[in-house]
Amino acid sequence: MSEKPTILVVDDVLITRRLMKAGLSHCFEVVDAESGEQALELLPQLELAAIVLDVEMQPGMDGFETCRLVRADERFAHVPVVFVSAREAVEDRLSGYEAGGENYIVKPFSALELEAKLRRLIEASSERRRLDGQVRDASSAAMTAMVSMSEMGALLEVIKQLGAAGSMAELADALVAGLRLYGLQGCVQLRAGAGVLNRSSDGDASPLELSVLEHLAGMGRMVQFKNRMIINYPEVSLLLRDMPVEDEDRCGRLRDHLTMLVEAVNVHVGSLAVLAAARQRDRQVVAVAMRMIQTLGEVDRAQRDNQVAGRIALEDIRQRIDEACVSMLLTNSQEVLLHRALDEGIESMLGSQSDTTQLQDRLSQMVQELRQVAGVHGE
């Protein structure tokens, strides 16, 4: 039995199927079908890892309709679908997203590009299946919570969780968790100075979700297409995938509540950015204060050392003059006169030093207080 993942290539052009088969067969078991109808017949016979689906197929159903029928069967709902098409308009991408696709590649493309996208989608699908049990448990808990609280209570609870978020990641996770309280799923994108952060109800946003977010982020405050809806604010976009359009009253309330939540997240993103800037300024102020403490401490020590050195120098001068008086054979009156002039000069110099003692003590006290504030101990 082959260990290669099996993929199904669906295209109405034989040469295209052969080229994709040749380009992908080294890493995948490739099965091909010439129409959506044939693909649906083959599905129960295969254990598929992914489907590569052409959008434009004649005659019969196109790729979007084929994908919707695949998604309608619970047995194959988890199989990733990659659309290939020559059309690249945002409307076509939205149709692919609405039909249930995970990625959309515009022709012409390379086999290496398709291989890389398939590998990532297959790995993500495997991880998603592993987490399905946890997601179902979380959804069950969310629905139980919805029974016990009103929609307004859910709104207040989500706002409370948003207010407790201390980082962009916590903020995005809180909003995604809040969607579960409403029984909804979607994808959130936060845009801040540090970059872009994406979160989905499934964990990581799919490439097609990111592509739709990128195209719709600048289209207006709120855009709804069937059961999909996006709410845009300058720093936040929220893409919902399962709005209850069959219940117009509830759908209207959800639009109001979700708009308030996204606005709250937008404000909080700004607050976190301001807080980050303030913390950066605090670090800079502390760094400057530490340099000031070091510099003032060095000045304080240098001045006190200079005072001591000055006194020692004066005493040395006095001693030298005493020795010189002996060698110069001065008279007693001359020696008294010389010593008197010397003593007066020394006293004058010492007096000028004493005038700065109070200022020096104040400098020493300020250095000590700065050390205490900064938590610096010792010299």
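The values are calculated or read from the model by the stated rules, or taken from the named source; none is laboratory data. The structure presented is a predicted model; accordingly, all values stated were derived computationally and were not measured. Counting neighbours? That spans all protein chains shown, and the Cβs are built from the backbone with ideal geometry, glycine included. The protein model used for the area step is the full one, side chains on, heavy atoms only, and it has no ligands, DNA or RNA in it. Shrake-Rupley method; radii C 1.70, N 1.55, O 1.52, S 1.80 Å.
Looking at region 199-230, which of the residues that are touching a residue at least 40 places away in the same chain (Cβ under 8 Å) and in a strand (DSSP E or B) is farthest from Asn103 (Cα to Cα)? Once the filter is applied, the top-ranked residue is Phe225.
Screening region 179-220 for residues that are over 19 Å from the mean Cα position of the chain (by Cα) and open to solvent by less than 10 Å² (accessible area, probe 1.4 Å) and picking the one that is nearest to Ser271 (Cα to Cα) gives Leu179. Limited to region 162-175, what total is found for residues that are surrounded by 20 or more Cβ atoms within 10 Å (Cβ to Cβ) and either over 25 Å from Gly218 (Cα atoms) or touching a strand residue (DSSP E or B) at 6+ places or on another chain (Cβ under 7 Å) (or both)? Within region 162-175, residues that are surrounded by 20 or more Cβ atoms within 10 Å (Cβ to Cβ) and either over 25 Å from Gly218 (Cα atoms) or touching a strand residue (DSSP E or B) at 6+ places or on another chain (Cβ under 7 Å) (or both) number 4.
Criterion applied to Glu323, Glu379 was being at pLDDT 70 or above and either assigned to a helix (DSSP H, G or I) or open to solvent by 70 Å² or more (accessible area, probe 1.4 Å) (or both), and the one residue passing it is Glu323. Restricting region 87-107 to residues that are in contact (Cβ under 8 Å) with a residue 24 or more places away in the chain and basic (Lys, Arg) leaves a set whose member that is most open to solvent (accessible area, probe 1.4 Å) is Arg87.
Go through region 199-247 and count every residue that is among the aromatic types (Phe, Trp, Tyr) and either touching a Phe, Trp or Tyr at 6+ places or on another chain (Cβ under 8 Å) or under 24 Å from Ala169 (Cβ atoms) (or both).
Here the count works out to 1.
Hey, does region 266-277 have a residue that's more than 30 Å from Val90 (Cα to Cα) and either at pLDDT 85 or above or surrounded by 19 or more Cβ atoms within 10 Å (Cβ to Cβ) (or both)? There is at least one residue in region 266-277 that is more than 30 Å from Val90 (Cα to Cα) and either at pLDDT 85 or above or surrounded by 19 or more Cβ atoms within 10 Å (Cβ to Cβ) (or both). So which residues in region 33-86 are surrounded by fewer than 17 Cβ atoms within 10 Å (Cβ to Cβ), in contact with a strand residue (DSSP E or B) (Cβ under 7 Å, 6 or more places away or on another chain) and not in a loop (DSSP other than H, G, I, E, B), if there are any at all? Across region 33-86, the qualifying residue is only Leu42.
Quick check on region 108-149: of everything there that is open to solvent by 50 Å² or more (accessible area, probe 1.4 Å), hydroxyl-bearing (Ser, Thr, Tyr) and within 22 Å of Glu29 (Cα to Cα), which residue is modelled with the highest pLDDT? Taking the candidates together, the pick is Ser110.
Looking only at region 231-256, which residues are touching a residue at least 60 places away in the same chain (Cβ under 8 Å), assigned to a helix (DSSP H, G or I) and open to solvent by less than 20 Å² (accessible area, probe 1.4 Å)? Across region 231-256, the qualifying residue is only Leu254.
If you go through region 221-230 and keep only what is modelled with pLDDT of 85 or more, open to solvent by less than 50 Å² (accessible area, probe 1.4 Å) and over 24 Å from Ala192 (Cβ atoms), you end up with Asn227, Arg228.
Do we have Met260 as at pLDDT 75 or above, of a type in the set (A, V, I, L, M) and open to solvent by 40 Å² or more (accessible area, probe 1.4 Å) here? Taking the combined requirement at face value, the residue satisfies it.
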